[in-house]
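Undergrad: First, the structure itself, so that you have it in front of you.
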Amino acid sequence: SQFLVDQSGRKDLLAEINTVERYQTLSWMNFIASEIHKAYSPFFHESYGEESKTAFSMILNKHYAWVDQQLDGQNYLMGSNFTIADIYLFVVTRWADFIGLDLGHFIHLTAFMQRIARRQT
């Protein structure tokens, strides 16, 4: 995704190299990949039992609680700037419905998801 955004020239989605904003966005990308995306894995593999899925649901809730706090008072992960991290978070968070994980109690995350769903570009 970083390569594609860099090739597109969309500086709004990922700031230029050697800027703090770029590395903050990449930090979000790494968190989403390593903590949230990875925690959905057991739900897509038959080899995991219900006990594992329950444990990973708790992990996801913990991570989403932290994300919810970070979104308090801002529209996007990077504040007022929509970035590739927002796109990534939106995509993996949509999986919650598929696995039956209720995230409705996270008001800032819920508002974020609705905001992203309404975006035109």
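Undergrad: Taking the alpha-carbon centroid of each part, what is the distance from the range 8-75 to the range 81-121 in angstrom?
TA: Value for the Cα centre distance between the two parts: 11 Å.
Undergrad: Full extension from Arg118 to Ala33: what is 0.36 nm times the residue separation minus their Cα-Cα distance, to one decimal in nm?
TA: On the way: separation 85, 0.36 × 85 = 30.60 nm, distance 2.38 nm.
Length gained, Arg118 through Ala33: 28.2 nm.
Undergrad: Label the range 65-121 by shape, choosing from rounded, prolate and oblate, from the square roots a ≥ b ≥ c of the eigenvalues of the Cα gyration tensor; if a/c is under 1.5 it is rounded, and otherwise prolate applies when a/b is larger than b/c, oblate when it is not.
TA: Numbers: a/c = 1.85, a/b = 1.26, b/c = 1.46.
In terms of gyration-tensor shape, oblate.
Undergrad: Here's another thing I want to ask about it. Taking 7 Å along the Cα-to-C-beta vector as the label spot, tell me the Tyr23-Ser8 distance in nanometres, rounded to one decimal.
TA: Calculated label separation equals 2.5 nm.
Undergrad: Peptides 39-50, 82-93, 4-15, 61-72: what's the order by average Cβ count within 10 Å, highest mean first?
TA: On the way: 39-50: 12.5, 82-93: 20.0, 4-15: 14.0, 61-72: 15.6.
Taking the mean over residues of other Cβ atoms within 10 Å, the ranking is 82-93, 61-72, 4-15, 39-50.
All of the numbers you see were taken from the coordinates with simple rules; none came from a lab. As the structure is a prediction and not an experimental result, all values here were calculated from the model. With ideal geometry, Cβ positions are generated from the backbone for all residues, glycine too; neighbour counts draw on all protein chains shown.
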